[in-house]
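The values are calculated or read from the model by the stated rules, or taken from the named source; none is laboratory data. Here the structure is a predicted model, which is why all the values come from computation and not from measurement. Here the Cβ positions follow ideal geometry from the backbone for every residue, glycine too, while neighbour counts run over all protein chains shown.
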Amino acid sequence: MKIYTRTGDRGDTGLFGGDRVPKTHARIEAFGAVDETNALLGMARAFVAGHPAAERLDGLIAALQNDLFVTGGDLATPLESKASPPRLAPAHVARLEEEIDRLEADLPPLRHFILPGGAPLAAILHAARTTCRRAERRVVAAAASESLNESVGPYLNRLSDYLFVMARWANHAAGGAEQPWKPE
């Protein structure tokens with residue numbers, strides 16, 4: 001099977017289940033932003049090597065990448081489709097909340113806004129967080145015009161929180177200081 005199909009050359013693409021929509025369709029924008037988040041997490045995994053907490057972080061990020069693949073497939077499959085891909089569920093959101101709590105237990109309390117950055121791994125996690133926020137906004141836009149799995153929005157909302165905490169945790173584990181925002 002070749003990677004190119006030529007079926008999208010006119011600006012449309014297929015959803016799971018067979019429907020074709022323009023590549024600018026809100027659903028496509030949503031899972032495109034999810035895919036970008038996943039790619040940034042792949043980049044983060046490339047930067048995990050040599051980090052003091054490499055073993056723990058690599059497993060956490062790999063689990064998120066798998067979840068995001070499920071999220072993309074979920075968004076690419078209308079709820080009424082005969083296709084039945086794995087779907088996000090409330091348990092996915094609850095797992096993120098548990099992971100956030102575990103990582104936060106190791107961190108000093110946040111008493112001010114911080115600037116994204118720090119160690120290279122943390123900086124990439126901050127970039128993934130902002131892309132995740134965009135994915136969440138795209139899901140909200142898509143949900144305004146069609147039915148989506150109700151777990152996708154909360155999952156992405158919690159994931160962006162998790163990526164923020166993970167970035168802080170990566171900096172903390174590497175012995176780096178957070179840069180506080182200093183208003184002029």
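With the condition kept exactly as written, say whether any residue in region 139-147 is without any contact (Cβ under 8 Å) to a residue 40 or more places away in the chain, within 26 Å of Ala53 (Cβ to Cβ), in contact with a helix residue (DSSP H, G or I) (Cβ under 8 Å, 6 or more places away or on another chain) and not in a loop (DSSP other than H, G, I, E, B). No, that holds for no residue. Going through region 36-92 one residue at a time, which ones are part of a loop (DSSP other than H, G, I, E, B) and among the small types (Gly, Ala, Ser)? Matches in region 36-92: Ala49, Gly50, Ala53, Ala76, Ser81, Ala83, Ser84, Ala89.
Residue count for region 92-132 under the criterion of being without any contact (Cβ under 8 Å) to a residue 24 or more places away in the chain and crowded, with 17+ Cβ neighbours inside 10 Å: the result is 0. For region 129-161, the candidate set comprises residues that are of a type in the set (Gly, Ala, Ser) and over 20 Å from Leu64 (Cβ atoms); within that set, the residue that is farthest from the chain's Cα centre (by Cα) is Ser145.
Out of region 151-161, which residues are among the polar types (S, T, N, Q) and assigned to a helix (DSSP H, G or I)? Hits for region 151-161 are Asn157, Ser160. Any residue in region 162-182 that is at pLDDT 95 or above, within 20 Å of the chain's Cα centre (by Cα) and in a loop (DSSP other than H, G, I, E, B)? No, region 162-182 has no match at all. The residues on offer are Val34, Val21, and the sole one that is closer than 15 Å to Ala142 by Cβ and free of Cβ contacts under 8 Å to residues at least 12 places away in the same chain is Val21. Pairing each residue of region 59-73 that is touching a residue at least 12 places away in the same chain (Cβ under 8 Å) and among the hydroxyl-bearing types (Ser, Thr, Tyr) with any residue that is part of a helix (DSSP H, G or I) and buried (at least 17 other Cβ atoms within 10 Å of the Cβ), provided the two are 6+ apart or on different chains, yields C-beta distances under 7 Å for Thr71/Val34; Thr71/Val152; Thr71/Tyr155.
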